[in-house]
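Presented below is the structure to which this report refers.
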Amino acid sequence: MRQLNLAMHEFRFAQKVFWRNPASVFFTALLPVLFLLIFATIFGNDRIEELDGVKVTTYYIPAIVTLAVISATTVNLAMNVTIAREEGLLKRGRGTPLPPWVFIAGRVGNAIVISTIMLIVVTLIGRLLYDAPIPWSRLPAVAVTLVIGASAFCCLGLAMTVIIPSREAASAITNAITLPLYFLSGIFIPENEIPDGVLSFANHFPVRDFFEAFFTAYSPKTVGSGFEWGDLLLVAVWGLAGLVVALRWFRWTPRS
Amino acid sequence: MSEPVISIRGLRKSYDELEAVKGIDLEIFPEEIFAVLGPNGAGKTTTVEILEGYRSRDGGEVSVLGVDPARPTAAWRERIGIVLQGTTLEPALTVRESLQQYAGYYRDPRDVDEVITLVGLEEQAGTRARKLSGGQQRRLDVGIALVGDPDLLFLDEPTTGFDPSARRQAWEMVAGLRDLGKTVLLTTHYMEEAQVLADRVAIISSGRIVALDTPDNLGDRRRQPSSITFTVPAGTDLTGLAGTGQTLSHSDAGPEGRKVEIGTHEAVTDLNRITGWAIERGIDLEQLEVRRPSLEDVYLELTDA
């Protein structure tokens, strides 16, 4: 019980710090929305024949939700936990009675809450500006995809801190990994424009599978409850691999 | 004497080829402010980080508040406060919020406002850490270490990089910890800091303790000769001073005069003889000065590598 209260305590401060950091707010909260507006403007209201004639804007809602969740989890944790490590904050935290897992839980909890807020915001913008339907009947699939995906991508973010040597390198390494995957996985460019070979390559990585799970849950053409268990399994396996790496090699003390 | 708060016997630590700590023995007692003084790279931080539970050791026995810091427990962490070398603050949180965050980690924390007063940040309580001056940030660092109401406080180079006035303020604050009954272990490479703050000082050099005593007695300062210096007109006959002090040297400082330096263990008696000699001959003793060896002299001599 006390440990749960501590986790809540830590979560509240993680929230404060997040919303007061202009870079976090811009890259995590504003940039995905900006991308949605830009892509919707450029690619208009065409329909994608290859995807049962779904509208381009409807396609972009789950794509941008995927992007926003990965920004709030992997990118956010990889950057901010690395910076906290290099500034000595993790080391200082270890010098207190606070259980180490609580320290991480506060930040992971923050990332998952931000992910949820962004999912709701992007979905509402889609509904209000582009008439993209809210998938009421498939909400359980949306929620399960969010929880599995956000958890897995948090683990991957913590794993990335293992390979990031300094605060200066944090942004470069994080972007070098995520940006190409966004392009290859059909987040930025509709997937009918991407060669099949590229897509099947991207299928090995969790960004593509996470997006496919969201797409099925969001698409009005989906028949049934919208769960993509195969994709979610692959995302979860990646997340577990990240967790193993983080548990084994996570560092609490500055590297540089 | 009561049980030591910190007890170290034969502590050793190496990094690859480098032997950073080469066998340190030390006992620190309750309510003592103890300074570990030494140049950069002497092994100060390594030693302190072993005591704080951050680093493993290669040899020796260590007990901090009755616990081996190689196996730290949460209950033990409740009783120690740590200020790391270099400021570690969350820049986006205010002074009060930072203290509230850390206070939440302890079962029985000090009142946050009381800590704000202790470290003298009342006016900055609502200011975010990034906006504080370097000295204020360091005081917040100390406040965070105090908020759990620890019995033992580690301060690793608390004033490095400070301007003289910020350093004075920090010293006043640390001196105030004495009234709280805390045991303090501080490291520093400023001799003056050790002299002003510490009850006892260990001088550490190349991984060994080379001197351990009160600041006044350090390096046998009491038993080392004081020096009496003065200047007399050029060509003054000094034979009348023969036998004064243990050593007597003089140099000709040009037309202004002859500089005399006398090393003595009986400064008062010898000073009396010298002034008597001068009055008798009507000689003016310009720039008369009596000086004990400073801690700096001792330090430089002991750490001379």
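Throughout, read-outs are computed from the coordinates displayed, never taken from laboratory work. Keep in mind it's a predicted model, so treat the numbers as computed, not measured. Neighbour counts are summed over all protein chains in view; Cβ atoms, including those assigned to glycine, are modelled from backbone coordinates with ideal geometry.
Structural remarks
- Packing rank of B:47-57, B:118-128, where each peptide gets the mean count of other beta carbons within 10 Å, highest leading: B:47-57, B:118-128
- Relative to the longest principal axis of the Cα atoms of chain A, the long axis of helix A:139-163 lies at roughly 50 degrees.
- In segment B:216-305, taking the dipole from charged Cβ atoms about the Cα centre, the farthest positive-side position among B:S249, B:V260, B:W277 is held by B:W277.
- Within 10 Å of each Cβ in A:93-103, the average number of Cβ atoms from other chains: 6
- Peptide B:86-97 - average C-beta neighbours from other chains (10 Å radius): 4
- Residue by residue along A:9-15, Cβ atoms of other protein chains within 10 Å of the local Cβ number 3 on average.
- Protection proxy ranking of A:85-91, B:153-159, A:228-234 - average other beta-carbon atoms within 10 Å, highest first: B:153-159, A:85-91, A:228-234
- The convex hull defined by the C-alpha atoms of segment B:21-114 has an orientation-averaged projected area of 7.8 nm².
- Relative pair counts by distance (%), Cα atoms of segment B:184-305, 10 Å bins: 12, 36, 23, 20, 9, 1
- Highest-first arrangement of B:266-274, A:213-221, where packing means the average Cβ count within 10 Å: A:213-221, B:266-274
- Cα-based convex hull, segment A:109-152, per residue volume (Å³, whole number): 60
- The GNM of chain B, with springs linking C-alpha atoms under 10 angstrom apart, assigns the highest mean-square fluctuation among B:E193, B:E27, B:E286 to B:E286.
- Just so you know, the Cα atoms of segment A:135-256 work out to an Rg and Dmax of 16.0, 53 Å.
- Candidates B:L212, B:L146, B:L285: whichever shows maximal mean-square fluctuation once chain B is modelled as a Gaussian network with Cα springs under 10 Å: B:L285
- With eigenvalues of the C-alpha gyration tensor scaled by 5 and rooted, segment B:83-162, Å: 17, 16, 11
- When the alpha-carbon atoms of segment B:258-305 are used, the pair Rg, Dmax equals 14.5, 47 angstrom.
- Calculated [θ] (222 nm, deg cm²/dmol) that DSSP helices of n ≥ 4 give over chain A, each run adding -39,500 (n - 2.57): -23500 deg cm²/dmol
- Projection of the Cα convex hull of segment B:99-140, averaged over all directions and equal to a quarter of that hull's surface, yields 2.9 nm².
- Just checking the listed ones, B:P69, B:P233, B:P215: in the Gaussian network model of chain B with Cα springs under 10 Å, the one fluctuating most is B:P233.
- Summing Cβ point charges (Lys, Arg +1; Asp, Glu -1) relative to the Cα centre of chain A gives a dipole of roughly 1480 debye.
- Whole-number D in µm² s⁻¹ for segment A:76-178, Kirkwood Cα-pair radius fed into Stokes-Einstein, 25 °C, 0.890 mPa s: 158
- Seen against the Cα atoms of chain B and their longest principal axis, helix B:134-146 is set at about 60 degrees.
- Scattering curve values for segment B:142-199, log₁₀ I(q)/I(0), Debye with Cα scatterers, q = 0.25, 0.26, 0.28, 0.30 Å⁻¹: -1.13, -1.22, -1.39, -1.53
- Coordinate range of the alpha-carbon atoms in segment A:131-190 per principal axis, descending: 45, 25, 16 Å.
- Both radii come from the Cα set of segment B:111-241: Rg as radius of gyration, Rh as Kirkwood radius; their ratio Rg/Rh reads 1.17.
- Two numbers describe the Cα atoms of chain A: Rg and Dmax, which are 18.3, 59 Å.
- Compactness of the protein assembly as shown was expressed as the Cα radius of gyration divided by 2.2 N^0.38 Å, which yields 1.36.
- Farthest toward the positive end of the dipole of the protein assembly as shown, out of A:V75, B:S165, B:G81, is the Cα of A:V75, where the dipole comes from beta carbon charges about the Cα centre.
- Over chain B, volume per residue of the alpha carbon convex hull, in Å³: 180
- Remark: segment A:1-106 is approximated by an ellipsoid whose semi-axes, taken from the C-alpha gyration tensor as √(5λ), come to 38, 14, 11 Å, largest first.
- Reduced Cα scattering model of segment B:1-54, Debye log10 I(q)/I(0), q = 0.15 Å⁻¹: -0.46
- Three semi-axes describe the equivalent ellipsoid of segment A:55-94; taken as square roots of 5 times the Cα gyration tensor eigenvalues and ordered largest first, they are 35, 6, 4 Å.
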